[in-house]
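Values in this text are rule-based calculations from the coordinates and carry no lab data. Since the structure is predicted, the reported quantities are computational estimates derived from the model, not experimental observations. A quick note on method: Cβ atoms are made from the backbone with ideal geometry, for glycine too, and the neighbour counts reach across all protein chains shown.
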Amino acid sequence: MPCRRGRLRYKKHPDEHSLPAIVFGDGTRRRLPELAQPFGSRVLLVTGAASFRHSPHRQELLDGLQARGLAHGHLAVSGEPSPQLVDDAARQFRGASIDVVIGIGGGSVLDAAKAIAGLLRVDHSVMDFLEGVGPELPYPGPSVPFIAVPTTAGTGSEATKNAVLSVQGEGGFKKSFRHEMLAPRYAVLDPELLAGCSAPLIAADGMDALTQLLESYVSLKANPFTDALVMSGIRAVRDSLLPWHHGQGDLAAHRANMTYAALLSGITLAQVGWARYTGWRRRWARSSPSRTAWPAALWWRPAPPPICEASRNARRTAQRWPSTPMPARC
């Protein structure tokens, strides 16, 4: 069962995506001070505007940090993170000698924290490194160590090396700040932190995770390893998304299953990339000034079964007859 506690460590290959050490299970949030301490004595907490700040877990974390002699600063993020927010936060805390950043929240909070960690020791605007806009300079690093603590089950940002930032209005966009050094050192997945998720949030984030799992399955770069993870994640979604949304059955087990599924969706999508169908839809959603303000879960939905099957068949053709011309991947 995915709710079993434990930590999995992965070796980094210089040419492959880096995975964090995974700390999974109810109550694992209490290990945050222990995990942060080896990096140094100054912690930057990045959270949502209200949810974690008003939860009983906040004081528990602050007491744990204090008990280990760790000083902390705090930044609250509201809505989709923008390049301006990241630049302002990096400028505000760059002189504070931050040793480790802890992001606690949904995908937007984790993306903001990840990008801020990447800029605290790099005197640049994040616009210099965003894909598809600006000069696209190579990221020199170093990034401040980052610990990701998701409080929703959707984006899988806790397992990825990119932070999605957006600008709204005319000329708006959603673009990624991406580099191996941005990957979290730890992903702390405590399903108890999801207990306050509303039914609409459960539905939107659950469809986000399911979409990413399906994207990974039909990707031309999928392989037996990612397929095994995808199928395990899809089974977890099958068993738990609707019961959790409806408040039925063992809610703790459903939260654990969806936390697990979202993590796998981030791991697999980071390994194999977008599918053709959803890659097109993402570019469409990011092309309109109004759509850049939408949370990702509102414009991602699984491809219809015929498109999934067509993508899967195209992948099999490429594997069996490598010389067959195939269209470029989105």
**Study point:** Protection-proxy order for peptides 183-189, 62-68, 250-256, each taking the mean of Cβ atoms within 10 Å per residue, highest first
**Key:** 183-189, 250-256, 62-68
Study note, to complete from the structure: Excluding residues fewer than 8 positions from LYS221 in its own chain, the aspartates and glutamates with Cα under 14 Å of it are GLU16
Check your understanding: What's the extension gain from ALA50 to ARG121 if we count 0.36 nm per residue and subtract their Cα-Cα distance?
Key -> 22.8 nm
Practice item. Subtracting the Cα-Cα distance from 0.36 nm times the residue separation, let me have the gained length for SER78 to ASP250 in nm, one decimal. Key: 58.8 nm
Review point. What is the sum of charges around GLY141, taking Lys and Arg as +1, Asp and Glu as -1, for the other residues whose C-beta is under 11 Å from the C-beta of GLY141?
Key: 0
